[in-house]
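Just so it is clear, none of the values below were taken in a lab; they were calculated from the coordinates. What you see is a predicted model; the values in this text were computed from it and never measured. Backbone-built Cβ (ideal geometry, glycine too); neighbour counts: all protein chains shown.
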Amino acid sequence: MEANDARRLSRNSISLFILRFDILQNSKINFDLIIGDISKYFDRTEKRVQTNFELKFTTDNSELNKIESYDIVLINEKDRFSMTFSKSQDAFWFETQNYIDKNTYSKLVDVLLESAEKNNVGILTKRIGMRFINTFNCLEPKHISKIFKLDISKFLVQRISQESISRIICQDEFNFDTCKTRVQYGIPNKFYPARMNNFDLLLDIDAYDDKIHELGSIKHAIVDINHCAYKSFISNINPFYLESLK
């Protein structure tokens, strides 16, 4: 996560990154053309069955229909990232547990968008989302203030003192000019639902643009979303700890 190269966090704490594009149902995208152009960046392809049920009502009775579809998942084993194309969800997304900076996804997204333009594949997005799940090791409550800013740290330490507490997850939502963010932070407790005895911290940032975008404006929207996510990150992190991640 970074606003520019000067702010790159080389020791980032991101355990999962997702860049997702939800498209309008009437876009009628032919994923096969795009998959053919980007497949050279992946080692293998999987077809994953998605099962849904549709309930139809008539005057006399009701009918439950089973509907099966396939998600196409392209996987790069070496660099540990994947690209999923889902007709059932009207979406495609990039996912990795090995996020470094924006270059992790930018080249592949460029190729994908160039393929869509070359093949005259009309993409209309109704939502572009970028999710950063950050996890921080924390041995005990007194160390929380070394990672999170003081106001968040005080709140979490106060909540930890409650008898029998097993998890603390807080959520803030923001509506900026160029995007929206949903920020979850707290102590998930990896032994949940047992009583809290693990104090590792979570900062889960979902930055997204839910305006309609055509092919020509998607890249600009991605840049804005990345900037919003970075601002959300630094607004919650202790500045001294932030320096240690660079």
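Some values worked out for this structure:
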| quantity | calculated |
| --- | --- |
| Cut-off under 5 Å, modelled amide H: who pairs with residue 168 long-range | 187 |
| Derived scalar couplings ³J(HN,Hα) [the range 43-49; Karplus, 6.51 cos²θ - 1.76 cosθ + 1.60; whole Hz; x for Gly, Pro] | 8, 7, 10, 10, 9, 10, 6 |
| Value of relative contact order over the chain, rounded to a whole percent, pairs C-alpha under 8 Å and six or more apart | 24 percent |
| Amide H partners (placed H, <5 Å) of residue 15, local residues excluded | 133, 134, 135 |
| Proxy reagent accessibility, fewest Cβ within 10 Å first, across 180, 219, 47 | 47, 219, 180 |
| Given the chain, longest segment not containing exposed loop GluC sites (Glu not before Pro) (DSSP; at most 16 other Cβ within 10 Å) | 78-162 |
| Distance between modelled label sites at residue 231 and residue 194, nm, 7 Å Cα→Cβ extension | 4.2 nm |
| Leading residue at positive end of dipole, the chain (Cβ point charges), from 197, 181, 85 | 197 |
| Cα-based shape type of the range 102-240, given that a ≥ b ≥ c are square roots of the gyration tensor eigenvalues and the cut on a/c is 1.5 | prolate |
| Net dipole in debye of the chain [+1 Lys, Arg Cβ; -1 Asp, Glu Cβ; about Cα centre; nearest 20] | 720 debye |
| Inter-probe distance in nm under a simple model that places probes 7 Å from Cα toward Cβ, at residue 97 and residue 41 | 2.1 nm |
| Rough spin-label spacing in nm, given labels placed 7 Å along Cα→Cβ, for residue 89 and residue 150 | 4.2 nm |
| Pairwise FRET efficiency - residue 118 versus residue 167, Cβ, R0 = 51 Å, nearest 0.05 | 0.60 |
| MRE, 222 nm, helices only [DSSP H, n ≥ 4, -39500 (n - 2.57), over the chain, to nearest 500] | -7000 deg cm²/dmol |
| Residue 106/residue 214 FRET efficiency (R0 25 Å; Cβ-Cβ; nearest 0.05) | 0.80 |
| Qualifying aspartates and glutamates (Cα of each under 15 Å from Cα of residue 102; at least 8 residues distant if same chain) | 2, 5, 79, 110, 224 |
